[in-house]
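Below is one structure, written out as C-alpha cells; the observations come after it.
What follows is calculated from the coordinates using simple rules that are stated; it is not laboratory data. In this text, all values refer to a predicted model and were calculated from it rather than measured experimentally. In this analysis, Cβ positions are derived from the backbone assuming ideal geometry, glycine residues included, and neighbour counts consider all displayed protein chains.
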Amino acid sequence: MVFRKIPGVSAPGMGLRLSQKFVFLLFLSGLVTLCFGALFFLPDSVRLKRIFLSKSESPPVTVRSEGETRDLTKKSAGEPLRALEAPAGKLRVSRRPSVTHDARSLERSVGTLERTQVDAVDAARDLERKDGRKGSNSEMINKCLLKPALGVDRGKPTDPQTVQRRDKVREMMKFAWDNYKSYAWGKNELRPLTRNGHIGTMFGGLRGATIIDSLDTLYIMGLTEDYKEAKEWVQNNLDLNSNGEASLFEVNIRYVGGLLSAYYLTGEEVFKQKVLELGEKLLPAFGTPTGIPRGVINLGSSGTSWSWGWASAGSSILAEFGTLHLEFVHLSELSGNPIYTEKVMNIRKLLDKIEKPHGLYPNFLSPVSGNWVQHHVSLGGLGDSFYEYLIKSYLMSDKTDEEAKRMYYSALEAIETNLVQKSPGGLTYVAEWRGGVLDHKMGHLACFSGGMVGIGADDGAPEKRQHYLDLAAEITHTCHESYSRSATKLGPEAFRFDGGAEATATRLSDRYYILRPEVIESYMYMWRLTHDPKYRQWGWEAVEALEKHCRVEDGFSGIRDVYASTVSHDNMQQSFFLSETLKYLYLLFSDDDLLPLDDWVFNTEAHPLPVIRQSCLQEHAGTRDTQQQQQTHPE
Ligand code: DMJ
C-alpha cells in the first residue's frame with residue numbers, strides 16, 4: 001500500500017497534528033486487527049494460519065450436572081459384557097456415529113486434534129533430535145530400575161517340585177505357540193479344533209494378535225528361537241496401515257502394551273518404531289467434545305470413531321476409556337511427546353471432577369456431555385480395569401501420581417461400602433450395583449480384584465493395610481471356590497450368591513470358561529505378597545484342569561460348561577491365554593526376582609511396563625548431556 005501525502009499537511013516529519021496522528025494510528029491498528037481476524041476464516045490447512053494462531057490442545061471438557069443429561073438412559077437390552085466377550089461374528093459395530101446432534105462440534109474437535117497431532121509429532125521429533133533421546137529410552141529406563149528384569153537366573157526356583165511345575169507351564173506355552181504357528185501364523189487367534197486361524201473384528205484389520213501378545217512371554221520363558229521368529233514377523237509383516245474399525249481398548253492393551261513391553265525388555269528398536277507409529281493412529285479417537293474417546297475407531301487416515309452399537313445411548317465404556325493410562329504415559333515417555341499423557345490426563349480430570357453416585361463410577365459415560373448415562377457399577381466387565389489402572393498408574397509413577405492414588409483409595413472405599421458382601425456361607429464377594437440395587441453376582445473378570453487390592457494394600461492408610469491384604473485374600477479365596485465347586489475345577493464366566501447359590505453359576509449362559517487369566521492373576525500376586533504355599537497349590541490345580549479339559553490335539557480351547565464332566569470345546573485359543581494365563585502361571589512358579597513388582601507393573605493384558613523413575617531419568621539425561629558436550633567440545 002502507498003501512503004499519499006494528505007492535502008494541507010506539510011511533509012517534514014509527516015508534519016501531522018496530534019489529532020491527525022491519533023486518527024492515523026487508530027486506522028493502522030484497525031487494519032492490523034482486521035488482517036489478524038481474517039486468519040480465523042482461512043481453511044485449517046493454510047500454513048499461515050498454523051504459524052500465527054496458537055494451537056488449541058484437547059477439546060475443552062464440559063462436565064454437566066446430572067440434571068442436564070439428555071434422555072440417553074434407555075438401556076440397551078442384554079448388552080454383551082464388553083467387546084472381547086462378544087463371540088466372533090456377534091459383535092455389532094454401529095457404522096453411524098451414535099450421537100449426531102453435536103456433529104459439528106465433533107468435526108471441529110477432530111480438525112483441531114489433527115492439527116495438534118501434526119504439530120506435536122514435529123515438536124517431538126525436534127526434541128528427540130535435540131536431546132539425543134532416540135534409541136536410548138529402554139537403556140535409560142532400565143538403568144533406573146532397582147534390579148535386573150530377568151533376575152539372577154531368569155527366576156529359576158530352587159525346590160525341584162516348583163522347577164518341574166514351572167517347566168510344565170513352559171511346555172504348555174510352547175505347545176500353544178507351536179500350534180498357532182502351524183495352523184494360524186499371522187492370524188489373530190488359533191482355532192485348535194478346525195486347525196485354522198481366526199481374524200475377527202476387534203483389531204480393525206491388524207493381524208498377529210497372538211504374536212504380539214506372546215512376545216514378552218516367549219522372551220521371559222527363554223523360548224529364544226520362538227521369540228526371534230515373533231520379532232521377525234513384527235519387523236517384516238506387522239502392517240499398521242489398516243483401514244478397519246478396531247476396539248481402541250483392545251488395540252491398546254494388546255498391541256500397544258505388547259510392543260511396549262517387548263521394547264523395554266529387549267531394547268529392540270523395531271518395537272519402539274512400531275508402537276510409536278501405532279500410537280499416532282490412536283490419537284484421533286480423542287476428538288470428541290469431551291476428549292473421552294469412543295469405543296470403536298478407524299485406524300485409517302479418517303480417524304473417525306463410533307460408540308459400540310450395544311453400548312447405552314452412544315456412551316463410552318469406563319473399562320475402555322479408563323484403561324489407556326499406563327500405555328499412553330509410556331508412549332509420551334518414548335516419543336518425548338506429551339500429547340499422549342495429556343489425552344489420558346484429560347480423561348482422569350473429567351472423572352475426578354464429575355459427581356459420582358455414592359462415590360462409585362458407573363460403567364457408561366457420554367463422550368458428548370461428559371455425564372454418566374446409567375448407574376450400573378461393576379468391578380467385572382465394563383468397569384474392571386479402570387480401577388486397576390488407577391493403582392497401577394500410581395505404582396508406575398514411582399509413587400508420585402498422588403491424584404491416581406487418591407482416586408483409587410476413595411473408589412475402593414466406595415466399593416467396600418456399597419458392593420463388598422459376605423455370603424451366608426462366609427464367602428466375601430464383590431456384587432454389582434444397578435442404581436442402588438445389588439445384583440449378587442461376580443464375574444470371572446472381577447476376580448482380578450484380589451490381586452489389585454493386594455498390590456495396593458501397602459500404600460493404603462497405615463491402619464487399613466492389613467485389612468486390605470485380608471480383603472484381597474478373601475476375594476481370591478472366593479474366586480478359587482468358584483473353580484473348586486465345578487466338575488472341571490475351572491471357573492464359570494459368572495457366579496452367584498443368591499437363590500441358594502454360593503460361588504456357582506445358576507444360568508446356562510454363565511457356565512463357560514474361555515481360558516481367562518483373572519483368578520490365576522490373583523494367585524500370582526497373592527503368592528508374591530504373602531508366600532502362602534496355597535496359592536502355588538491352587539495354581540497347580542488350575543494347570544491340571546487346563547491340561548485335562550482345555551488341551552486338545554492342536555492347542556488349547558475354551559470350554560462351554562465348566563460343570564459338565566464331558567466337555568464341549570469352543571474351538572478358540574484366545575491370545576490372552578499366552579499373554580496372561582500362562583505368563584501368570586509361570587511367574588507363580590518362579591522366584592520373585594523375575595520381573596520384580598517394585599520395578600514392573602503389568603498392564604491389563606499382563607504386559608510388563610517399567611516403573612518410570614523421573615528423577616533418576618533426569619539425572620541420567622544430565623550426565624549424558626555433559627558427556628555429549630565434552631565429546632563435541634573437548635577441552
Ligand atoms: C484380557 O484381554 C484383559 O485382561 C482384559 O482386561 C479383560 N479380559 C481379558 C481376559 O479375560
Completion exercise
Expected unfolding gain across residue 140-residue 175 under the 0.36 nm per residue rule, minus the alpha-carbon gap, is 9.1 nm
Completion exercise
With residue 465 itself left out, Lys, Arg at +1 and Asp, Glu at -1 over residues whose Cβ is under 12 Å from its Cβ give -3
Practice task
With θ set to phi - 60°, apply the Karplus curve 6.51 cos²θ - 1.76 cosθ + 1.60 along the range 547-552 and write out the HN-Hα couplings as whole Hz, x wherever there is a Gly or Pro.
Solution key: 5, 6, 10, 9, 7, 10
Handout entry: Sequence ranges 283-289, 499-505, ranked by mean other-Cβ count within 10 angstrom, highest first
Key = 283-289, 499-505
Practice task
Using Cα centres only, tell me the gap between the range 504-546 and the range 218-283 in whole Å.
Solution key: 28 Å
Exercise for the section: Please work out the FRET efficiency for the pair residue 621 and residue 466, using the Cβ-Cβ distance as r and a Förster radius of 41 Å; give the result to the nearest 0.05. Expected result: 0.55
Exercise for the section: About the Cα centre of the range 495-538, how large is the charge dipole given +1 on each Lys and Arg Cβ and -1 on each Asp and Glu Cβ? Please answer in debye to the nearest 20. Expected result: 140 debye
Handout entry: Nitroxide proxy distance, nm - points 7 Å out along Cα→Cβ at residue 406 and residue 232
Key = 5.3 nm
Problem - Protection proxy ranking of 199-206, 491-498, 317-324, 254-261 - average other beta-carbon atoms within 10 Å, highest first - result: 254-261, 317-324, 491-498, 199-206
Exercise for the section: Evaluate the charge dipole of the range 128-228 about its Cα centre and quote only its size in Debye, nearest 20, assuming +1 on the Cβ of each Lys and Arg and -1 on the Cβ of each Asp and Glu. Expected result: 160 debye
Practice task
Beyond 29 Å between alpha-carbons counts as too far, so tell me which of 181/392; 168/272; 274/405; 356/405; 181/343; 187/399 fall in that bin.
Solution key: 181/392; 168/272; 274/405; 181/343; 187/399
Problem - In nm, spacing of pseudo-spin labels at residue 551 and residue 163 (7 Å Cα→C-beta vector) - result: 2.1 nm
Practice task
Pop the C-beta distance of residue 614 and residue 568 into the FRET formula with R0 = 35 Å and round what comes out to the nearest 0.05.
Solution key: 0.10
Exercise for the section: Above 18 angstrom, tally the Cα pairs of the range 402-557 and express them as a % of all pairs, no decimals. Expected result: 59 percent
Practice task
Compute the length gained on full extension between residue 301 and residue 534: take 0.36 nm times their separation in residues and subtract their Cα-Cα distance, giving the result in nm to one decimal.
Solution key: 78.7 nm
Fill in the blank from the handout: For residue 544 and residue 150, extending 7 Å from Cα along the Cα-Cβ vector and measuring point to point gives, in nm, a value of 3.3 nm
Completion exercise
In whole Hz, the Karplus estimates of ³J(HN,Hα) for the range 316-325 (6.51, -1.76, 1.60; θ = phi - 60°; x where Gly or Pro) are 9, 9, 3, 5, 8, 6, x, 10, 10, 4
Handout entry: Note, ³J(HN,Hα) from phi for the range 251-266, Karplus 6.51, -1.76, 1.60, rounded to Hz, x at Gly and Pro
Key = 5, 5, 5, 8, 6, 5, x, x, 5, 4, 5, 4, 5, 5, 6, 10
